[in-house]
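Here the structure comes first, spelled out in structure tokens, and everything after it is commentary.
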Amino acid sequence: MKTIQLTIILTLLSCGTFAQRGHGNGGHGNGGHGNRGHGNGHVRIGGGHGRKHGGNVVIVNRSNYRPKNVVVFHPNWYPNHSYNRRWVYFPKHNFYWDNWRNHYVFYDGNTWISQPTAPPVIINLNLEKEKHYELKEKEDDDDDVYKGNDNHKSEFKPE
């Protein structure tokens, strides 16, 4: 079994499916010896030199919008409140706030829209007073968070 796994990994590496090994810090990764950014949203975690020294290598897909440093967010619609996660979900109006891009993500009846200006349905609302939830850290790198909208609607019921 290990031989088959090793063959698959070597084949994928030779095809360029995974991030290339290198000694730069281009992109949005954390840098350092074990966590290299590759400019394409991939970050190597652990293993330092991979198979050569017996370490395991895990490829993590990172959003191209990920901030380079840890940030506490204070969105313009609630400047006195702190958020640690990228996505804030408003169940009553079924839209998202993206702290990384300062964008609203909402469904217009046909497609999901991402824009820096508030959608018409919430333009006169005080968002500080609207029930909202920070989504989980595992969803931070999900640029298409709306693909989980059915789950978000069932998990966070509007009041």
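For region 87-155, a simple Cβ point-charge model (Lys and Arg +1, Asp and Glu -1, everything else neutral) yields a dipole of about 340 debye relative to the Cα centre. Note on D108, D140: ascending count of other Cβ atoms within 10 Å places them as D108, D140, the fewest first.
Stokes-Einstein diffusion for region 87-155 at 25 °C, viscosity 0.890 mPa s, with a Kirkwood radius from C-alpha pairs, works out to 200 µm²/s.
Values quoted throughout were computed directly from the atomic coordinates according to the rules given, and no laboratory measurement underlies them. These figures come from a predicted structure and were not determined experimentally. FYI the Cβ positions are ideal-geometry reconstructions off the backbone, even for glycines, and counts take in every protein chain you see.
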